[in-house]
Protein chains: 2
Amino acid sequence: MTGGMAARRYECGKCPLRTRPIFRELTEKELCYIGRFKSGELTADKGATVLVEGTHSPHLYTVLQGWGFRYKLLPDGRRQILNYALPGDLIGLQSAVMEEMQHSVEALSPMLLCVFERDQLEDLYRNYPGLAYDITWLAAREEQMVDENMLSVGRRKALERAAYLIAFLHHRAVTIGLDARRGFAIPMTQQHMADTLGLSLVHTNKTIRRLINARLILWRDGGCQVLEFEKLTEIAGWAPDLHEKRPIL
Amino acid sequence: MTGGMAARRYECGKCPLRTRPIFRELTEKELCYIGRFKSGELTADKGATVLVEGTHSPHLYTVLQGWGFRYKLLPDGRRQILNYALPGDLIGLQSAVMEEMQHSVEALSPMLLCVFERDQLEDLYRNYPGLAYDITWLAAREEQMVDENMLSVGRRKALERAAYLIAFLHHRAVTIGLDARRGFAIPMTQQHMADTLGLSLVHTNKTIRRLINARLILWRDGGCQVLEFEKLTEIAGWAPDLHEKRPIL
DNA sequence: CGCGGTTTTGAGAATCCTCAAAACCAGTGG
DNA sequence: CCACTGGTTTTGAGGATTCTCAAAACCGCG
């Protein structure tokens with residue numbers, strides 16, 4: 001079920017993610033420090049739980065490969081997905097900075113994570129203000145994404161919500177250069193979509209089918225593939241905001 | 001409509017908020033720096049807009065008095081309230097750290113805000129890692145609150161949502177010592193509640209009435225007063241997490 | 001071929017929505 | 001003191017959306 005610690009594959013200096021154009025470059029000194037800050041790598045199989053609500057993880061992670069999602073549960077088992085984690089995203093900050101996790105994280109596809117020690121965070125803040133600022137930046141961005149998703153669940157209707165979510169995820173994947181070739185699929189089931197949209201599985205299915213029939217998306221390879229990005233954003237009444245460079249830890 | 005800059009009333013060292021037991025104490029040095037970091041005070045009348053989506057504010061605020069709320073709008077005017085701002089909360093971090101605001105902030109009651117300059121943030125990060133850490137802490141907490149609200153809007157049903165929201169706000173107010181005397185009212189209209197819960201005004205009204213008829217709350221003085229906190233949390237399936245001390249900027 | 005997970009379909013029911021109007025209430029000016 | 005006004009709360013009614021239940025179809029994999 002779960003993955004485990006893997007032999008370290010990437011030196012931070014040669015991190016294949018870090019060099020992508022969307023990410024901010026670090027100074028030599030910072031890069032070197034990050035290399036020391038990094039304490040290992042973690043692999044997680046599809047479906048594995050990376051972080052658990054209610055626990056206090058001693059780690060902080062940067063996603064290197066794969067997709068994951070953050071979620072919360074109600075006592076009776078109803079699940080709400082809060083956001084997705086893609087390469088470059090930082091997860092576990094809440095438990096690092098506060099008492100304990102208030103949400104869980106699960107792998108949507110096989111993931112490779114970069115592991116940092118919570119204990120060293122204080123040292124980082126003391127000696128690398130630029131990196132500290134980056135962490136705050138990433139926290140602010142995460143909040144921004146949840147805000148946007150909140151608007152969607154609270155005020156958009158089913159078709160708009162579905163269109164927004166798919167466009168949003170597609171855009172994030174494209175932004176970090178995840179597609180390369182046209183036609184990659186977002187690795188999720190309709191149950192995941194339902195739990196993100198705040199809808200039932202049945203109604204989600206019927207809604208998605210409308211998008212498929214309108215030839216805006218395909219559903220295949222165990223996921224969702226976008227055909228008409230513009231049309232989706234139009235239905236959702238949403239325009240992606242184009243960040244310049246952004247930090248990565 | 002809007003308020004304006006007021007004569008500075010509070011020295012940070014004598015800030016009546018800061019001394020409340022819930023807030024973490026600062027060192028002498030930090031307190032002194034905050035005093036310099038603070039560039040003034042802002043008052044906002046009830047209904048005034050403090051921050052506007054799409055703009056880039058040069059300021060960052062800590063709420064000293066009063067209630068406010070963060071919200072987003074869809075192109076056609078539908079509104080979703082994301083969270084509320086109470087004394088001790090930091091607002092405007094998104095615009096300070098990133099390009100521009102992705103949400104607006106409006107005063108629910110007359111507010112008094114402590115103003116900080118965005119430009120000095122870099123200096124703060126460089127010289128006061130403890131304060132930088134506090135800012136990250138506050139950002140993580142804000143995200144946590146939106147997460148919780150997201151769970152509510154996505155997965156709870158109307159009555160549960162209303163119970164959760166009221167209990168949540170009541171708990172926050174009590175935590176910062178806002179009630180003193182029993183029986184304060186949360187200063188909001190049912191339209192605000194509707195826009196927070198992701199429900200229509202009419203349905204919100206009928207839902208609230210059920211809570212009133214069950215004698216769990218009162219609706220008066222232009223707001224909501226809690227009678228049976230425990231019962232509300234029970235309906236919502238929610239338990240407030242009790243933070244220890246927390247930072248305030 | 002069989003199995004578990006996922007998607008699809010149908011149908012009736014509950015929730016929630018919109019429209020519309022009335023009641024209520026606090027503040028304002030006569 | 002009272003009428004007027006604008007904002008807020010309340011009520012009713014019909015309709016749309018979304019839900020639950022249940023079963024079938026589909027699909028990749030061992």
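The values are calculated or read from the model by the stated rules, or taken from the named source; none is laboratory data. A quick note: this is a predicted structure, and the numbers were derived from the prediction, not measured. Neighbour counts run over all protein chains shown; Cβ positions are idealised from the backbone, glycine included.
What the table shows:
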{"quantity": "Region A:184-199 residues that are within 14 Å of chain B (Cβ to nearest Cβ), paired with ones that are more than 10 Å from DNA strand C (Cβ to nearest atom) and of a type in the set (D, E, K, R) (beta carbon under 6 Å, 6 or more apart)", "calculated": "A:Asp195/A:Arg79; A:Leu197/A:Arg161"}
{"quantity": "Count of residues meeting criterion [near DNA strand C (Cβ under 10 Å from one of its atoms) and over 10 Å from A:Arg155 (Cα atoms)] in region B:187-202", "calculated": "3"}
{"quantity": "Condition check for B:Leu169: more than 8 Å from every other protein chain (Cβ to nearest Cβ), part of a helix (DSSP H, G or I), touching a residue at least 60 places away in the same chain (Cβ under 8 Å) and more than 24 Å from A:Val146 (Cβ to Cβ)", "calculated": "no"}
{"quantity": "Scan of region B:56-79 for residues that are without any contact (Cβ under 8 Å) to a residue 60 or more places away in the chain and either on the phi > 0 side of the Ramachandran plot or within 13 Å of chain A (Cβ to nearest Cβ) (or both), ordered by number", "calculated": "B:His56, B:Gly66, B:Arg70, B:Lys72, B:Leu73, B:Leu74, B:Pro75, B:Asp76, B:Gly77, B:Arg78"}
{"quantity": "Which listed residue, of A:Thr62, A:Thr43, A:Thr55, A:Thr27, is over 15 Å from the mean Cα position of the chain (by Cα) and surrounded by 18 or more Cβ atoms within 10 Å (Cβ to Cβ)", "calculated": "A:Thr43"}
{"quantity": "Hits in region A:176-207 (condition: within 12 Å of DNA strand D (Cβ to nearest atom) and more than 18 Å from the chain's Cα centre (by Cα))", "calculated": "A:Gly198, A:Leu199, A:Ser200, A:Leu201, A:Val202, A:His203, A:Thr204, A:Asn205, A:Lys206, A:Thr207"}
{"quantity": "Test: residue in region B:94-117 that is β-branched (Val, Ile, Thr), at the interface with another protein chain (Cβ under 7 Å from one of its Cβ atoms) and touching a strand residue (DSSP E or B) at 6+ places or on another chain (Cβ under 8 Å)", "calculated": "no"}
{"quantity": "Meets criteria (within 14 Å of chain B (Cβ to nearest Cβ), modelled with pLDDT under 95 and over 22 Å from A:Phe168 (Cβ atoms)) for A:Glu53", "calculated": "no"}
{"quantity": "Residue in region A:80-95 that is in contact (Cβ under 8 Å) with a residue 60 or more places away in the chain, in a strand (DSSP E or B) and out of contact with any helix residue (DSSP H, G or I) (no Cβ under 7 Å at 6 or more places or on another chain) present", "calculated": "no"}
{"quantity": "Hits in region A:115-162 - residues which are outside any helix (DSSP H, G or I) and within 16 Å of DNA strand C (Cβ to nearest atom)", "calculated": "A:Arg156, A:Lys157"}
{"quantity": "Enumeration of residues in region A:219-234 that are surrounded by 15 or more Cβ atoms within 10 Å (Cβ to Cβ) and within 13 Å of DNA strand D (Cβ to nearest atom)", "calculated": "A:Trp219, A:Gly223"}
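Every residue, every condition in (1) in contact (Cβ under 8 Å) with a residue 40 or more places away in the chain; (2) assigned to a loop (DSSP other than H, G, I, E, B), yes or no:
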site	(1), (2)
A:Val202	no, no
A:Asn205	no, no
A:Arg209	no, no
A:Ile212	no, no
A:Arg215	no, yes
A:Gly222	no, yes
A:Gln225	yes, no
A:Glu230	no, no
A:Trp238	yes, yes
